[in-house]
1. Please list, ordered by first then second residue, the pairs with beta carbon atoms under 7 Å, 6 or more apart or interchain, first in segment 227-243 and more than 16 Å from residue 188 (Cα to Cα) and open to solvent by 10 Å² or more (accessible area, probe 1.4 Å), second part of a helix (DSSP H, G or I) and acidic (Asp, Glu).
2. Got a number for residues in segment 118-127 being within 24 Å of residue 7 (Cβ to Cβ) and without any contact (Cβ under 8 Å) to a residue 60 or more places away in the chain?
3. Filter segment 137-170 for residues that are modelled with pLDDT of 95 or more, within 12 Å of the ligand (Cβ to nearest atom) and open to solvent by 40 Å² or more (accessible area, probe 1.4 Å); which is nearest to residue 26 (Cα to Cα)?
4. Considering only residues that are in contact with a strand residue (DSSP E or B) (Cβ under 6 Å, 6 or more places away or on another chain) and of a type outside the set (Gly, Ala, Ser), which ones fall in segment 133-142?
5. Could you tell me whether residue 45 is open to solvent by 30 Å² or more (accessible area, probe 1.4 Å) and at pLDDT 95 or above?
6. Test residue 150 against the criterion of being in contact (Cβ under 8 Å) with a residue 60 or more places away in the chain and charged (D, E, K, R), and give yes or no.
7. Checking the conditions here, which among 68, 50, 30, 62 is among the small types (Gly, Ala, Ser), in contact (Cβ under 8 Å) with a residue 12 or more places away in the chain, part of a helix (DSSP H, G or I) and surrounded by 15 or more Cβ atoms within 10 Å (Cβ to Cβ)?
8. Tell me which residues, restricted to segment 123-136, are in a helix (DSSP H, G or I) and either touching a helix residue (DSSP H, G or I) at 6+ places or on another chain (Cβ under 7 Å) or within 16 Å of the ligand (Cβ to nearest atom) (or both).
Amino acid sequence: MKIERTLVVGLAERSYPIIIRPSLLSLIGADLATRKIGKRYGIISDDHVAGLYGETLLQSLADAGVEAELITFPRGEASKNLQTIATLASELAGRGFDRGDALIALGGGVSGDMAGFLASIYMRGIPFVQIPTTLLSQVDSSVGGKTGVDIPEGKNLVGTFYQPRAVYIDPDVLKTLPKEEVLGGLAEVIKYGVIWDTEFFNFLEQQREDILALKGEVILPLIARCCEIKAQVVEQDEREGGLRRILNFGHTIGHAVEAASDFSLIHGLAIGIGMRAAADLAVLGGHLSKEEAARIHRLLKEYGLPVTIPPALDRAAIKQFLKADKKTIGGKVFFVLPESVGKVLITDQVSSEDVDTVLQDG
Ligand code: GLY
(Lines give C-alpha, C1' and ligand atoms only; values in the text may rest on other atoms or scores of the structure.)
Protein backbone atom coordinates (compact mmCIF):
# COMPACT_ATOMS: atom_id res chain seq x y z
CA MET A 1 0.00 0.00 0.00
CA LYS A 2 1.15 3.50 -0.79
CA ILE A 3 1.40 5.34 2.51
CA GLU A 4 0.65 8.73 0.99
CA ARG A 5 -1.64 9.89 -1.79
CA THR A 6 -1.73 13.37 -3.24
CA LEU A 7 -4.56 14.29 -5.59
CA VAL A 8 -5.26 17.58 -7.27
CA VAL A 9 -8.58 19.32 -7.74
CA GLY A 10 -7.97 20.93 -11.12
CA LEU A 11 -9.71 24.29 -11.24
CA ALA A 12 -7.15 26.37 -13.15
CA GLU A 13 -5.83 29.15 -10.89
CA ARG A 14 -7.97 27.81 -8.03
CA SER A 15 -6.51 24.28 -8.19
CA TYR A 16 -5.40 22.69 -4.92
CA PRO A 17 -3.90 19.51 -3.52
CA ILE A 18 -5.60 16.91 -1.36
CA ILE A 19 -2.94 15.19 0.73
CA ILE A 20 -3.90 11.91 2.42
CA ARG A 21 -1.61 10.04 4.79
CA PRO A 22 -1.55 8.52 8.28
CA SER A 23 -0.05 10.70 11.06
CA LEU A 24 -0.44 13.71 8.78
CA LEU A 25 -1.65 15.94 11.60
CA SER A 26 1.84 16.19 13.04
CA LEU A 27 3.39 16.80 9.59
CA ILE A 28 1.09 19.57 8.39
CA GLY A 29 3.29 22.37 9.75
CA ALA A 30 6.26 21.36 7.60
CA ASP A 31 4.09 21.17 4.49
CA LEU A 32 2.21 24.40 5.16
CA ALA A 33 5.49 26.23 5.76
CA THR A 34 6.46 25.52 2.14
CA ARG A 35 3.13 26.70 0.71
CA LYS A 36 3.11 30.20 2.21
CA ILE A 37 -0.66 30.55 2.07
CA GLY A 38 -0.84 32.99 4.99
CA LYS A 39 1.51 34.90 7.32
CA ARG A 40 -0.47 33.67 10.28
CA TYR A 41 -3.28 31.12 10.62
CA GLY A 42 -6.51 31.22 12.62
CA ILE A 43 -7.48 27.64 13.38
CA ILE A 44 -11.29 27.46 13.51
CA SER A 45 -12.47 24.43 15.42
CA ASP A 46 -15.24 23.33 17.77
CA ASP A 47 -14.38 22.98 21.46
CA HIS A 48 -14.49 19.16 21.26
CA VAL A 49 -12.18 18.65 18.24
CA ALA A 50 -9.91 21.45 19.51
CA GLY A 51 -9.48 19.41 22.71
CA LEU A 52 -8.63 16.26 20.76
CA TYR A 53 -6.32 17.61 18.06
CA GLY A 54 -5.70 21.32 18.62
CA GLU A 55 -2.49 20.81 20.56
CA THR A 56 -0.95 18.35 18.05
CA LEU A 57 -1.69 20.74 15.20
CA LEU A 58 -0.41 23.82 17.04
CA GLN A 59 2.79 21.95 17.94
CA SER A 60 3.31 20.81 14.34
CA LEU A 61 2.87 24.38 13.11
CA ALA A 62 5.13 25.84 15.83
CA ASP A 63 7.87 23.29 15.07
CA ALA A 64 7.82 24.46 11.45
CA GLY A 65 7.85 28.14 12.44
CA VAL A 66 4.27 28.71 11.27
CA GLU A 67 2.38 31.22 13.42
CA ALA A 68 -1.11 30.09 14.41
CA GLU A 69 -3.86 30.65 16.98
CA LEU A 70 -6.76 28.43 17.93
CA ILE A 71 -10.23 30.00 17.88
CA THR A 72 -13.07 27.76 19.03
CA PHE A 73 -16.86 27.74 19.02
CA PRO A 74 -19.34 25.42 20.80
CA ARG A 75 -19.64 21.99 19.23
CA GLY A 76 -22.68 21.12 17.10
CA GLU A 77 -24.90 22.10 14.19
CA ALA A 78 -26.68 24.63 16.45
CA SER A 79 -23.52 26.78 16.19
CA LYS A 80 -23.62 26.85 12.39
CA ASN A 81 -25.27 30.23 12.05
CA LEU A 82 -24.61 33.85 11.20
CA GLN A 83 -24.25 34.80 14.87
CA THR A 84 -21.27 32.44 15.29
CA ILE A 85 -19.77 33.83 12.08
CA ALA A 86 -20.10 37.38 13.47
CA THR A 87 -18.50 36.29 16.78
CA LEU A 88 -15.60 34.57 14.99
CA ALA A 89 -15.09 37.55 12.66
CA SER A 90 -14.90 39.87 15.68
CA GLU A 91 -12.44 37.49 17.29
CA LEU A 92 -10.22 37.56 14.17
CA ALA A 93 -10.42 41.36 13.94
CA GLY A 94 -9.69 41.70 17.67
CA ARG A 95 -6.58 39.59 17.27
CA GLY A 96 -5.46 41.69 14.31
CA PHE A 97 -5.94 39.16 11.52
CA ASP A 98 -5.53 40.92 8.19
CA ARG A 99 -5.63 40.18 4.47
CA GLY A 100 -2.23 38.48 4.55
CA ASP A 101 -3.48 35.87 7.02
CA ALA A 102 -5.43 32.67 6.47
CA LEU A 103 -7.76 30.25 8.22
CA ILE A 104 -7.55 26.54 8.94
CA ALA A 105 -10.78 24.54 9.31
CA LEU A 106 -10.08 21.78 11.83
CA GLY A 107 -13.03 19.46 12.34
CA GLY A 108 -16.09 17.98 10.66
CA GLY A 109 -18.58 19.46 8.23
CA VAL A 110 -19.75 22.22 10.58
CA SER A 111 -16.21 23.59 11.09
CA GLY A 112 -15.39 23.25 7.39
CA ASP A 113 -18.57 24.97 6.23
CA MET A 114 -18.19 27.79 8.75
CA ALA A 115 -14.46 28.40 8.42
CA GLY A 116 -14.83 28.33 4.62
CA PHE A 117 -17.71 30.79 4.71
CA LEU A 118 -15.87 33.07 7.14
CA ALA A 119 -12.72 32.93 4.97
CA SER A 120 -14.78 33.84 1.90
CA ILE A 121 -16.16 37.03 3.48
CA TYR A 122 -13.61 38.17 6.11
CA MET A 123 -11.91 41.25 4.68
CA ARG A 124 -13.59 40.32 1.38
CA GLY A 125 -11.87 36.96 1.32
CA ILE A 126 -8.75 35.39 2.80
CA PRO A 127 -7.34 31.93 1.96
CA PHE A 128 -8.18 28.84 3.98
CA VAL A 129 -7.19 25.19 4.22
CA GLN A 130 -9.25 22.21 5.30
CA ILE A 131 -8.26 19.59 7.87
CA PRO A 132 -11.35 17.36 7.99
CA THR A 133 -11.60 15.05 11.01
CA THR A 134 -14.78 13.06 10.27
CA LEU A 135 -15.20 10.43 7.57
CA LEU A 136 -18.03 12.44 6.02
CA SER A 137 -15.96 15.59 5.76
CA GLN A 138 -12.90 13.65 4.54
CA VAL A 139 -14.79 12.03 1.65
CA ASP A 140 -17.16 14.84 0.79
CA SER A 141 -17.62 18.24 2.40
CA SER A 142 -13.97 19.33 2.68
CA VAL A 143 -13.53 19.02 -1.10
CA GLY A 144 -15.33 21.16 -3.65
CA GLY A 145 -15.68 24.56 -2.02
CA LYS A 146 -19.23 24.57 -0.70
CA THR A 147 -19.39 26.76 2.41
CA GLY A 148 -22.30 28.05 4.41
CA VAL A 149 -24.42 28.37 7.50
CA ASP A 150 -28.00 27.59 8.48
CA ILE A 151 -30.75 30.14 8.99
CA PRO A 152 -34.08 29.46 10.76
CA GLU A 153 -35.70 28.89 7.34
CA GLY A 154 -33.35 26.04 6.42
CA LYS A 155 -29.94 24.41 6.46
CA ASN A 156 -27.09 25.84 4.36
CA LEU A 157 -29.34 28.55 2.91
CA VAL A 158 -26.61 31.21 3.20
CA GLY A 159 -23.21 30.39 1.76
CA THR A 160 -20.65 30.67 -1.00
CA PHE A 161 -18.62 28.57 -3.40
CA TYR A 162 -15.06 29.19 -2.15
CA GLN A 163 -12.31 26.66 -2.72
CA PRO A 164 -9.72 25.84 -0.03
CA ARG A 165 -6.03 26.17 -0.89
CA ALA A 166 -5.21 22.66 0.36
CA VAL A 167 -6.98 19.72 2.03
CA TYR A 168 -5.06 17.61 4.57
CA ILE A 169 -6.61 14.24 5.41
CA ASP A 170 -5.25 12.10 8.24
CA PRO A 171 -7.19 8.80 8.44
CA ASP A 172 -5.77 8.17 11.95
CA VAL A 173 -8.14 10.77 13.43
CA LEU A 174 -11.11 8.54 12.51
CA LYS A 175 -10.16 6.33 15.46
CA THR A 176 -11.80 8.78 17.87
CA LEU A 177 -14.95 9.13 15.77
CA PRO A 178 -18.20 7.73 17.29
CA LYS A 179 -19.46 4.61 15.45
CA GLU A 180 -22.62 6.42 14.29
CA GLU A 181 -20.51 9.14 12.64
CA VAL A 182 -18.39 6.49 10.88
CA LEU A 183 -21.60 4.89 9.55
CA GLY A 184 -22.92 8.26 8.40
CA GLY A 185 -19.68 8.83 6.48
CA LEU A 186 -19.94 5.36 4.95
CA ALA A 187 -23.35 6.25 3.52
CA GLU A 188 -21.67 9.04 1.52
CA VAL A 189 -18.93 6.58 0.54
CA ILE A 190 -21.53 4.14 -0.85
CA LYS A 191 -23.06 7.09 -2.71
CA TYR A 192 -19.90 7.39 -4.86
CA GLY A 193 -20.13 3.71 -5.84
CA VAL A 194 -23.74 4.08 -6.97
CA ILE A 195 -23.38 7.38 -8.84
CA TRP A 196 -20.01 6.83 -10.53
CA ASP A 197 -17.99 3.69 -10.05
CA THR A 198 -19.15 0.04 -10.23
CA GLU A 199 -15.67 -1.23 -9.39
CA PHE A 200 -15.63 0.87 -6.23
CA PHE A 201 -19.06 -0.52 -5.30
CA ASN A 202 -17.61 -4.06 -5.73
CA PHE A 203 -14.69 -3.06 -3.48
CA LEU A 204 -17.16 -1.87 -0.83
CA GLU A 205 -18.99 -5.20 -1.05
CA GLN A 206 -15.79 -7.25 -0.81
CA GLN A 207 -13.88 -5.31 1.84
CA ARG A 208 -16.76 -4.57 4.22
CA GLU A 209 -15.22 -6.08 7.35
CA ASP A 210 -11.88 -4.31 6.98
CA ILE A 211 -13.59 -1.04 6.07
CA LEU A 212 -15.87 -1.19 9.13
CA ALA A 213 -12.77 -1.92 11.24
CA LEU A 214 -11.16 1.21 9.68
CA LYS A 215 -8.07 -0.78 8.66
CA GLY A 216 -5.47 1.56 7.19
CA GLU A 217 -4.83 -0.54 4.08
CA VAL A 218 -8.45 -0.14 2.93
CA ILE A 219 -9.39 3.22 4.46
CA LEU A 220 -6.68 5.26 2.76
CA PRO A 221 -7.50 4.04 -0.78
CA LEU A 222 -11.21 4.36 0.02
CA ILE A 223 -10.88 8.02 1.03
CA ALA A 224 -8.62 8.68 -1.95
CA ARG A 225 -11.10 7.18 -4.43
CA CYS A 226 -13.99 9.23 -3.01
CA CYS A 227 -11.93 12.43 -3.22
CA GLU A 228 -10.85 11.52 -6.75
CA ILE A 229 -14.47 11.10 -7.87
CA LYS A 230 -15.53 14.28 -6.11
CA ALA A 231 -12.66 16.17 -7.74
CA GLN A 232 -13.63 14.88 -11.20
CA VAL A 233 -17.24 15.99 -10.70
CA VAL A 234 -16.32 19.42 -9.28
CA GLU A 235 -13.76 20.03 -12.02
CA GLN A 236 -16.54 19.65 -14.59
CA ASP A 237 -19.22 21.59 -12.70
CA GLU A 238 -17.90 23.69 -9.84
CA ARG A 239 -21.10 25.64 -9.13
CA GLU A 240 -23.63 22.84 -9.45
CA GLY A 241 -25.16 23.90 -12.75
CA GLY A 242 -25.61 20.28 -13.83
CA LEU A 243 -23.36 17.28 -13.22
CA ARG A 244 -22.52 18.17 -9.60
CA ARG A 245 -26.14 17.55 -8.73
CA ILE A 246 -25.45 13.80 -8.93
CA LEU A 247 -23.64 14.22 -5.59
CA ASN A 248 -27.09 14.84 -4.16
CA PHE A 249 -28.05 11.18 -4.72
CA GLY A 250 -30.08 10.13 -1.69
CA HIS A 251 -30.26 13.72 -0.47
CA THR A 252 -33.72 14.68 -1.81
CA ILE A 253 -35.72 12.34 0.42
CA GLY A 254 -32.76 12.04 2.84
CA HIS A 255 -32.78 15.75 3.71
CA ALA A 256 -36.55 15.71 4.12
CA VAL A 257 -36.33 12.72 6.48
CA GLU A 258 -33.48 14.40 8.39
CA ALA A 259 -35.53 17.60 8.78
CA ALA A 260 -38.72 15.71 9.72
CA SER A 261 -36.74 13.96 12.47
CA ASP A 262 -35.81 17.42 13.72
CA PHE A 263 -32.20 16.42 12.99
CA SER A 264 -32.19 13.67 15.61
CA LEU A 265 -31.25 11.38 12.71
CA ILE A 266 -27.70 12.32 11.71
CA HIS A 267 -27.12 13.46 8.11
CA GLY A 268 -25.34 10.37 6.79
CA LEU A 269 -27.90 7.96 8.21
CA ALA A 270 -30.74 9.99 6.67
CA ILE A 271 -28.87 9.89 3.34
CA GLY A 272 -28.68 6.08 3.58
CA ILE A 273 -32.47 6.00 3.89
CA GLY A 274 -32.72 8.50 1.02
CA MET A 275 -30.55 6.29 -1.21
CA ARG A 276 -32.78 3.30 -0.51
CA ALA A 277 -35.85 5.42 -1.35
CA ALA A 278 -34.23 6.75 -4.54
CA ALA A 279 -33.40 3.20 -5.67
CA ASP A 280 -37.04 2.20 -5.10
CA LEU A 281 -38.28 5.27 -6.99
CA ALA A 282 -35.97 4.32 -9.86
CA VAL A 283 -37.51 0.83 -9.98
CA LEU A 284 -41.06 2.27 -9.92
CA GLY A 285 -40.12 4.69 -12.72
CA GLY A 286 -38.71 1.87 -14.87
CA HIS A 287 -35.10 3.18 -14.72
CA LEU A 288 -33.50 0.46 -12.58
CA SER A 289 -33.88 -3.33 -12.40
CA LYS A 290 -35.13 -4.89 -9.17
CA GLU A 291 -31.89 -6.90 -8.99
CA GLU A 292 -29.69 -3.78 -9.05
CA ALA A 293 -31.93 -2.08 -6.47
CA ALA A 294 -31.61 -5.16 -4.27
CA ARG A 295 -27.80 -4.89 -4.53
CA ILE A 296 -27.96 -1.30 -3.27
CA HIS A 297 -30.34 -2.27 -0.44
CA ARG A 298 -28.11 -5.18 0.52
CA LEU A 299 -24.94 -3.12 0.72
CA LEU A 300 -26.60 -0.45 2.86
CA LYS A 301 -27.95 -3.12 5.22
CA GLU A 302 -24.66 -5.04 5.37
CA TYR A 303 -22.95 -1.87 6.56
CA GLY A 304 -25.57 -1.59 9.29
CA LEU A 305 -27.18 1.51 7.83
CA PRO A 306 -30.89 2.01 8.46
CA VAL A 307 -32.88 1.80 5.22
CA THR A 308 -36.39 2.38 6.50
CA ILE A 309 -37.94 5.64 7.59
CA PRO A 310 -38.66 5.54 11.34
CA PRO A 311 -42.41 4.75 11.67
CA ALA A 312 -42.92 7.68 14.06
CA LEU A 313 -41.96 10.22 11.39
CA ASP A 314 -44.95 11.95 9.85
CA ARG A 315 -45.01 11.20 6.09
CA ALA A 316 -46.95 14.42 5.34
CA ALA A 317 -44.22 16.42 7.10
CA ILE A 318 -41.56 14.65 5.00
CA LYS A 319 -43.45 15.63 1.83
CA GLN A 320 -43.66 19.25 3.02
CA PHE A 321 -39.89 19.32 3.59
CA LEU A 322 -39.37 17.81 0.12
CA LYS A 323 -41.15 20.78 -1.46
CA ALA A 324 -39.21 23.30 0.64
CA ASP A 325 -35.78 21.79 -0.15
CA LYS A 326 -33.23 24.14 -1.70
CA LYS A 327 -32.69 21.64 -4.52
CA THR A 328 -36.27 22.43 -5.61
CA ILE A 329 -36.08 24.70 -8.65
CA GLY A 330 -39.15 26.57 -9.93
CA GLY A 331 -41.39 24.51 -7.67
CA LYS A 332 -40.13 21.22 -9.13
CA VAL A 333 -38.49 18.60 -6.94
CA PHE A 334 -35.48 17.00 -8.63
CA PHE A 335 -34.38 13.45 -7.91
CA VAL A 336 -31.11 11.68 -8.65
CA LEU A 337 -32.08 8.11 -9.57
CA PRO A 338 -29.81 5.15 -10.32
CA GLU A 339 -30.06 3.48 -13.72
CA SER A 340 -27.57 0.84 -12.62
CA VAL A 341 -24.85 0.60 -9.98
CA GLY A 342 -22.36 3.23 -11.23
CA LYS A 343 -24.76 5.40 -13.24
CA VAL A 344 -27.50 7.87 -12.31
CA LEU A 345 -29.91 10.24 -14.03
CA ILE A 346 -31.43 13.51 -12.79
CA THR A 347 -35.16 13.97 -13.24
CA ASP A 348 -38.13 15.96 -12.00
CA GLN A 349 -40.48 13.38 -13.54
CA VAL A 350 -41.38 11.48 -10.40
CA SER A 351 -45.05 11.08 -9.57
CA SER A 352 -46.45 12.05 -6.21
CA GLU A 353 -47.94 8.52 -6.01
CA ASP A 354 -44.49 6.93 -6.39
CA VAL A 355 -43.13 9.23 -3.67
CA ASP A 356 -46.03 8.18 -1.42
CA THR A 357 -45.28 4.52 -2.13
CA VAL A 358 -41.59 4.75 -1.18
CA LEU A 359 -42.39 6.81 1.91
CA GLN A 360 -44.97 4.24 3.05
CA ASP A 361 -42.70 1.28 2.23
CA GLY A 362 -39.96 2.94 4.19
N1 GLY B 1 -21.88 17.45 -0.89
C2 GLY B 1 -22.28 17.69 -2.23
C3 GLY B 1 -21.45 18.69 -2.95
O4 GLY B 1 -20.42 19.11 -2.44
O5 GLY B 1 -21.80 19.08 -4.02
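The values are calculated or read from the model by the stated rules, or taken from the named source; none is laboratory data. It should be emphasised that the depicted structure is a prediction, and the values quoted were computed from it without experimental measurement. Here Cβ is always computed from backbone atoms with ideal geometry, including for glycine, and neighbour counts include all displayed protein chains. Protein only, heavy atoms only, side chains kept; ligands, DNA and RNA dropped before computing areas. Shrake-Rupley method; radii C 1.70, N 1.55, O 1.52, S 1.80 Å.
1. none
2. Residues in segment 118-127 being within 24 Å of residue 7 (Cβ to Cβ) and without any contact (Cβ under 8 Å) to a residue 60 or more places away in the chain: 2 in total.
3. Filtering first and then ranking leaves 146.
4. Quick first cut of segment 133-142, residues in contact with a strand residue (DSSP E or B) (Cβ under 6 Å, 6 or more places away or on another chain) only: 133, 138, 142.
Across segment 133-142, the qualifying residues are 133, 138.
5. Details: open to solvent by 30 Å² or more (accessible area, probe 1.4 Å): no; at pLDDT 95 or above: yes.
Judged against the criteria, residue 45 is not a match.
6. yes
7. Details: 68 fails: part of a helix (DSSP H, G or I); 30 fails: surrounded by 15 or more Cβ atoms within 10 Å (Cβ to Cβ); 62 fails: surrounded by 15 or more Cβ atoms within 10 Å (Cβ to Cβ).
Criteria check complete, one pass: 50.
8. Taking segment 123-136 and keeping what is in a helix (DSSP H, G or I), we get 123-124, 135-136.
Hits for segment 123-136 are 135, 136.
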